[in-house]
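Presented below is the structure to which this report refers.
The values are calculated or read from the model by the stated rules, or taken from the named source; none is laboratory data. Remember, predicted model here, so these are calculated numbers, not experimental data. Positions of Cβ are backbone-derived with ideal geometry, glycine not excepted, and every protein chain shown enters the neighbour counts. The protein model used for the area step is the full one, side chains on, heavy atoms only, and it has no ligands, DNA or RNA in it. Shrake-Rupley method; radii C 1.70, N 1.55, O 1.52, S 1.80 Å.
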Amino acid sequence: MDEQDAQLVPRLLAGDDGAYRFVVSAYHGAMTRLARAIVGEGMAEDLVQEAWLKALAGLPQFEGRSSLRLWLLRIVRNEAISRLRKQARAPESESLEDDALAGRYDGDGRWRTPPGLWSLDTPEALLAAKEMRSVIDGALGAMPEMQRAVLTLKDIEGMSFEEICNVLEISASNVRVLLHRARKCLWAAIDDSQRE
Amino acid sequence: MLSCHEIGEKASDYLDRNLPWWTRAQVRMHLFLCENCWRHVAQLRLVVKTLRLSAKHEDSARESTDKTVQFLRSRRQH
């Protein structure tokens, strides 16, 4: 157990309000984003509340084999999968149009439709442009859940591949494929939009 | 030399430094020579940075934290 968790866990078990505030402040955002990635906006808030309750109940059994952060995110993941199963669904990894760049290359592997010149060429510019936010949100919304979950954990939360495998319980090669597809899809949406 | 399509397929691994050194060298050589692929990889890097920044904007909202802390406090008291 790392030092921070070793100090936090006993304080949480003792009901220390400051410890609760710290943990929620530190991890609630990531938990919500992961929930949203798997079950969508509508169910995410409720799911994360449920995850916090399960974490509270399970805290006495927390052994520190992983960090508190990964443990909390795994609870969210398990809760999300459980909710999808209740809807007789499994989280999707692939979409029908899984190669977002299909047709962009010719038979010799050269660009048929090369990347455009983007006028919005900084992160700040992309996020500030309302229509671009809409393009990004649309592309994220259309993605299969597992692609969105991997993209969220890697590129939004900055987690390592090992941590992502740990949270989502999928192989490293699977993480890489899902991440690649998700990034391609998002890039293609932004590129198409900046050409218009 | 790797084709543009192959570069596209390796772009994500290239950004994450997940390629064997020889493949990484081949990718870099191609990027040095191919403006389109160089642009594609630069734009992919920009997309990743944009996603990271979007989370920072979101995290500045305290309302959700306060609400959750109150909710947990009320459940602990029961």
| Restricting the first residue to segment B:37-50 and requiring it to be more than 16 Å from B:Glu9 (Cβ to Cβ) and within 7 Å of another protein chain (Cβ to nearest Cβ), which pairs with a second residue that is surrounded by fewer than 20 Cβ atoms within 10 Å (Cβ to Cβ) and among the hydrophobic types (A, V, I, L, M, F, W, C) meet a Cβ separation below 6 Å and a spacing of at least six or different chains? | none
| request: Could you please give the count of residues in segment A:39-98 that are touching a Pro at 6+ places or on another chain (Cβ under 6 Å) and open to solvent by less than 50 Å² (accessible area, probe 1.4 Å)? | output: 3
| query | Can you find even one residue in segment A:152-171 that is open to solvent by 40 Å² or more (accessible area, probe 1.4 Å) and in contact with a Cys (Cβ under 8 Å, 6 or more places away or on another chain)? | reply | yes
| Can you tell me which residues in segment B:14-33 are within 14 Å of chain A (Cβ to nearest Cβ), open to solvent by 30 Å² or more (accessible area, probe 1.4 Å), closer than 22 Å to A:Lys154 by Cα and not in a loop (DSSP other than H, G, I, E, B)? | B:Leu15
| remark: Filter segment A:1-21 for residues that are closer than 17 Å to A:Leu70 by Cβ and touching a helix residue (DSSP H, G or I) at 6+ places or on another chain (Cβ under 9 Å); the one that is surrounded by the most Cβ atoms within 10 Å (Cβ to Cβ) is A:Leu12
| query | Inside segment A:112-136, can you point out the residues that are of a type in the set (Lys, Arg) and open to solvent by less than 100 Å² (accessible area, probe 1.4 Å)? | reply | A:Arg133
| query | Filter segment A:172-188 for residues that are more than 19 Å from B:Ala55 (Cβ to Cβ) and of a type in the set (Gly, Ala, Ser); which is surrounded by the most Cβ atoms within 10 Å (Cβ to Cβ)? | reply | A:Ala188
